[in-house]
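These notes are about the structure you will find just below.
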Amino acid sequence: MHLRYNKWDTQVGDKNVLSEHPVVLPIREWNVLRSFAELLASETTFLESISLDTSRFQSFIGVPRAISEALASQEQRQPEMNSRRARMMRFDFHPTASGWCVSEVNSDVPGGWREGSSLQQLYQPFYKVLDCPESPLDAWGRAVELLAHEGHVALLSAPGYLEDEQVVRTFMSELQGRQIPCSIIKTPAALEWSSEHGCKLVTNGRRVSAVIRFYQVEWLCALPEDTGWKKLFHTSAIPVINPTVSAISESKRFPLLFNEAMECPTWRSLMPECRDPREAAAADWDQWVLKACYSNTGDQVHICGALAQKEKQRVIKEAQRHPLRWVAQRRFETRAVETCRGPMYPCIGVFTVNGRAAGAYVRLSDGQVTGSSAVEAPLLIDSSVT
């Protein structure tokens with residue numbers, strides 16, 4: 001994984017984060033998750049389209065003002081532009097005593113592409129009676145190939161983040177394997193925009209046919225305006241992948257829209273109850289999980305009932321002081337599975353590419369929160385169990 005596949009964080013501290021064994025699902029359960037993911041992807045894009053035209057919705061779910069203003073451009077609404085998007089999402093599923101539930105959608109810059117593709121291929125020869133699900137990286141590559149068959153692809157990521165660097169290096173390897181010329185850039189200022197040529201690379205003047213954006217939207221909007229970051233929102237000349245409209249569903253307050261729109265039955269059935277922090281009863285906080293709107297890898301996810309009293313009071317006070325930056329999600333219990341490391345709690349992140357299910361990124365945690373130190377495992381499918 002280190003030498004072939006740009007996977008450099010296989011060790012966190014003194015802990016190996018690659019699982020000794022795969023996670024195995026019966027084919028019927030895998031098909032259930034695939035079906036759920038595709039329904040959720042459809043409902044998500046529908047809710048985004050409603051929110052795109054309703055600034056009140058965006059404010060309510062905590063979308064920063066700079067992003068809302070950028071999303072107001074007419075290009076975001078053009079049907080022909082929508083048809084030129086290769087859209088990726090990852091839905092995180094958890095097994096519970098009452099069935100599957102989904103904790104969130106990672107729709108802006110979802111990770112886990114290499115882990116969800118290569119790990120299973122490395123493990124499967126040792127479990128020959130089991131099958132590999134589709135490679136999400138292969139599905140991603142096919143989608144981009146349809147949009148970027150001419151010109152150069154620019155892969156944009158923030159500087160200084162190892163986790164992001166290994167993802168864009170993985171994307172670069174996939175594109176090169178498909179004979180698509182590409183290069184990595186670290187700032188939107190590396191792109192030169194014009195009405196005549198669309199977009200070029202500043203360094204060599206090569207015409208850009210698509211931008212792969214692995215740079216969080218909320219980070220982009222904090223850049224100086226002269227970097228040209230707003231062009232990524234406004235352009236209709238070339239596809240930007242993922243489209244910047246994903247900032248809407250990336251907000252952890254996104255589920256609060258389910259009360260505004262009835263056309264989301266799958267989300268309603270699978271997502272635990274979510275509330276504005278101001279609406280949670282003071283005596284009931286131990287039943288809630290507080291999530292920051294744009295948290296990453298569990299870094300600002302707090303199970304109130306598991307916190308020391310002083311820390312719990314601090315987190316609750318912070319959420320109530322800035323409620324539009326937080327959401328309260330009803331606590332649920334993930335069922336543990338037995339492993340050689342003891343009981344672990346699985347999170348199965350099912351990818352969709354243009355609305356179709358495409359493999360999964362599996363993590364195993366020693367607690368209920370799936371964080372950056374979770375163990376990463378391949379998913380294999382038992383087709384003999386129907």
Sort out which residues of region 355-380 are of a type in the set (Val, Ile, Thr) and either surrounded by fewer than 23 Cβ atoms within 10 Å (Cβ to Cβ) or in the same structural domain as Trp30 (by TED's automatic domain parsing) (or both), and write them in order of number. Val369, Thr370, Val375
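One residue is enough: does region 210-228 have a residue meeting the conditions of a type in the set (S, T, N, Q) and assigned to a loop (DSSP other than H, G, I, E, B)? Steps first, answer last, please.
Step one: of region 210-228, the residues of a type in the set (S, T, N, Q) are 216, 227.
Next, only the ones that are assigned to a loop (DSSP other than H, G, I, E, B) stay: 216.
Scanning region 210-228 turns up at least one residue that is of a type in the set (S, T, N, Q) and assigned to a loop (DSSP other than H, G, I, E, B).
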The conditions are (1) outside any loop (DSSP other than H, G, I, E, B); (2) closer than 27 Å to Arg114 by Cβ, and Gly305 fails exactly one of them. Which is it? (2)
How many of the residues making up region 12-61 are β-branched (Val, Ile, Thr), within 17 Å of Asn106 (Cα to Cα) and touching a strand residue (DSSP E or B) at 6+ places or on another chain (Cβ under 8 Å)? 1
Restricting the first residue to region 21-33 and requiring it to be closer than 15 Å to Ala357 by Cα, which pairs with a second residue that is β-branched (Val, Ile, Thr) and crowded, with 17+ Cβ neighbours inside 10 Å meet a Cβ separation below 7 Å and a spacing of at least six or different chains? Ile27/Ile381; Trp30/Ile381; Leu33/Ile348; Leu33/Val350
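For every residue, the table says whether it meets (1) closer than 29 Å to Pro64 by Cα; (2) basic (Lys, Arg); (3) crowded, with 18+ Cβ neighbours inside 10 Å.
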{"site": "Cys182", "(1), (2), (3)": "no, no, yes"}
{"site": "Glu192", "(1), (2), (3)": "yes, no, no"}
{"site": "Cys199", "(1), (2), (3)": "yes, no, yes"}
{"site": "Arg213", "(1), (2), (3)": "yes, yes, yes"}
{"site": "Gln216", "(1), (2), (3)": "yes, no, yes"}
{"site": "Cys221", "(1), (2), (3)": "yes, no, yes"}
{"site": "Asp226", "(1), (2), (3)": "yes, no, no"}
{"site": "Thr235", "(1), (2), (3)": "yes, no, yes"}
Just one of the numbered conditions (1) in a strand (DSSP E or B); (2) under 30 Å from Gly367 (Cβ atoms); (3) of a type outside the set (S, T, N, Q) is not true of Pro255; which one? (1)
Of (1) closer than 24 Å to Thr352 by Cα; (2) modelled with pLDDT of 95 or more; (3) in contact with a helix residue (DSSP H, G or I) (Cβ under 7 Å, 6 or more places away or on another chain), Ala189 satisfies all except one. Which? (1)
Filter result (in a strand (DSSP E or B), closer than 17 Å to Glu338 by Cα and of a type outside the set (S, T, N, Q)) within region 353-374: Val362, Arg363, Leu364
Would you mind finding the one in Gly228, Gly198 that is in contact with a helix residue (DSSP H, G or I) (Cβ under 8 Å, 6 or more places away or on another chain) and small (Gly, Ala, Ser)? Gly228
Could you say whether any residue in region 317-331 is under 19 Å from Glu104 (Cβ atoms), surrounded by fewer than 16 Cβ atoms within 10 Å (Cβ to Cβ) and of a type in the set (D, E, K, R)? yes
Can you find a residue in region 242-254 that is under 22 Å from Pro323 (Cβ atoms), crowded, with 16+ Cβ neighbours inside 10 Å and among the basic types (Lys, Arg)? yes
I need every pair where a residue in region 323-348 that is closer than 20 Å to Tyr361 by Cα and outside the structural domain of Ile303 (by TED's automatic domain parsing) has its Cβ under 6 Å from the Cβ of a residue that is assigned to a loop (DSSP other than H, G, I, E, B) and of a type in the set (Val, Ile, Thr), sequence separation at least 6 or different chains. Tyr345/Thr334; Cys347/Thr370
Within region 129-151, is even one residue more than 25 Å from Tyr345 (Cβ to Cβ) and in a strand (DSSP E or B)? no
Pairs, first farther than 17 Å from Gly112 by Cβ in region 4-15, second among the β-branched types (Val, Ile, Thr), C-beta under 8 Å, six or more apart: Gln11/Val17
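The values are calculated or read from the model by the stated rules, or taken from the named source; none is laboratory data. This structure is a prediction, so every number in the text was calculated from the model and none was measured. Here Cβ is always computed from backbone atoms with ideal geometry, including for glycine, and neighbour counts include all displayed protein chains.
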